[in-house]
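For reference, the structure is listed below as structure tokens.
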Amino acid sequence: MKIYRIERTQVASLLLMIFIPAISAAATLPVLTTAVAEGGGATQTASYDGVVEAVRQTVIAAQVTGAIVALKVKAGDRVAAGQLLVRLDARAADQTAAASQAQVNAARATLDVASKDFNRQKQLFEKRFISQAALDQAEAVYKSTEAQVAAQIAQTAAARSQSDFAVIRAPYPGIVADVSVVLGDMALPGRPLLTIYDPGALRVTAYIPQSADTKGVSIDRVRVEIPALPAQARMVVPTNVQILPTADASTQSLQLRLDLPAGIKQLIPGMFARAWLPVQPAAASDNTVRIPSKAVVRRAEMTGVYVVNADGQPVLRQVRIGRSINNTTEILTGISSGERVATDPQMAATVAGNNKK
């Protein structure tokens, strides 16, 4: 049996070789910063789903029948007031207007003859060459011809307006939201051709239950959240709040309209929105908690938070968020008060990945 003698210096070297890599690895581990989810029992707001819509949105339809011979705009184009949008084939209407104008000219010639004849009859009557009855007859012919000219002028104006209906222009400055026809289609009276809206006047429409407390619904206490906007621009203060005085019989709800300030970028009709309204303290959710906004993770359709478990390991958990105020975000479901969350999601993901290895 062989006995190996190891000197003290050799033992020390072996110990250093074993522990120094472990110490270095521990020193390179990322340090996780966390925050405690605070209870939000004092929350006194409730959210109601809504949608962004244009205050002025117009579906433009044809007033006359005709083939579309010119289509000057497409969806997404900005248009000015009075700008040409669509032109219809108006040759038949133009011919009718021209015929009516010719009839007006003929009627005016007849009126000129009747006027001269009436003047001659008056002169003859003054010299007592004709009777009063003859003068009355000449006056009746003149007035009848004058009425016929007025009627013919009105018919000509109507025919010309039919020709004008073939030219469709923008009623106000706006954006073309949709074009329902293509070049060559047949336009019919009442058939939608295109839709435009005014981007400078948008609002959020939401439906609230009839039992909701509407006494506190005012501009200074109501907020609008638009999740599709950047985080710093999601909460919007409305410029006007209106509750329509009628209730929807099918849903037993009231329609709430919140006018939005002009100039909000990336805001378009149809976007999802939430209306945050004050509620009675008793109706506030005791389960709502608040965490730092930077702790929220958004991945495609999922919204989550890295929660630190009892072993100190971050675990991604899906949550439902509420409004964000002063760099904090409400968590409606998914986290309980007192749990710790990672405030740096990227670092938490790194730590979670290392633990899996």
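The values are calculated or read from the model by the stated rules, or taken from the named source; none is laboratory data. Only a predicted model underlies this, so the values are computations on that prediction, with no experimental measurement involved. Here the Cβ positions follow ideal geometry from the backbone for every residue, glycine too, while neighbour counts run over all protein chains shown. Only protein heavy atoms, including side chains, enter the accessible area calculation; ligands, DNA and RNA are left aside. Shrake-Rupley method; radii C 1.70, N 1.55, O 1.52, S 1.80 Å.
Some notes on this structure:
- DSSP loop chymotrypsin sites (Phe, Trp or Tyr not before Pro) with at most 14 other Cβ within 10 Å excluded, longest remaining stretch of the chain: 130-357
- Derived scalar couplings ³J(HN,Hα) [region 85-90; Karplus, 6.51 cos²θ - 1.76 cosθ + 1.60; whole Hz; x for Gly, Pro]: 10, 9, 10, 9, 5, 10
- Computed in the context of the full set of protein chains, the accessible area of the chain at 1.4 Å probe radius has 54% of its extent on carbon or sulfur.
- Relative contact order of region 221-357, pairs being alpha-carbon contacts under 8 Å that are 6 or more residues apart, as %: 20
- A Förster distance of 45 Å, applied to the separation of the beta-carbon atoms of Gln318 and Val167, puts the FRET efficiency at 0.20.
- Leu183 versus Ala134: modelled label distance in nm, points set 7 Å from Cα along the beta carbon direction: 6.9
- Region 175-256, relative contact order in percent, only Cα pairs under 8 angstrom and at least six apart counted: 26
- Applying 0.36 nm per residue to the separation of Ala201 and Val113 and subtracting their alpha-carbon distance, the gain on full extension is 25.7 nm.
- Protection proxy ranking, highest mean first, for peptides 154-161, 185-192: 154-161, 185-192, where packing is the per-residue count of other beta-carbon atoms within 10 Å, averaged.
- Once the Cα-Cα distance is subtracted from the 0.36 nm per residue extended length, the Lys127 to Ala61 segment shows a gain of 17.3 nm.
- Surface per residue (accessible, 1.4 Å probe) for the chain, Å²: 60
- Mean separation of Cα contacts under 8 Å (6+ apart) over length of the chain, as relative contact order %: 26
- Distant-in-sequence amide contacts of Leu256, defined by a placed amide H-H separation under 5 Å and a gap of 5 or more residues or a different chain, comprise Ala206, Tyr207, Ile208.
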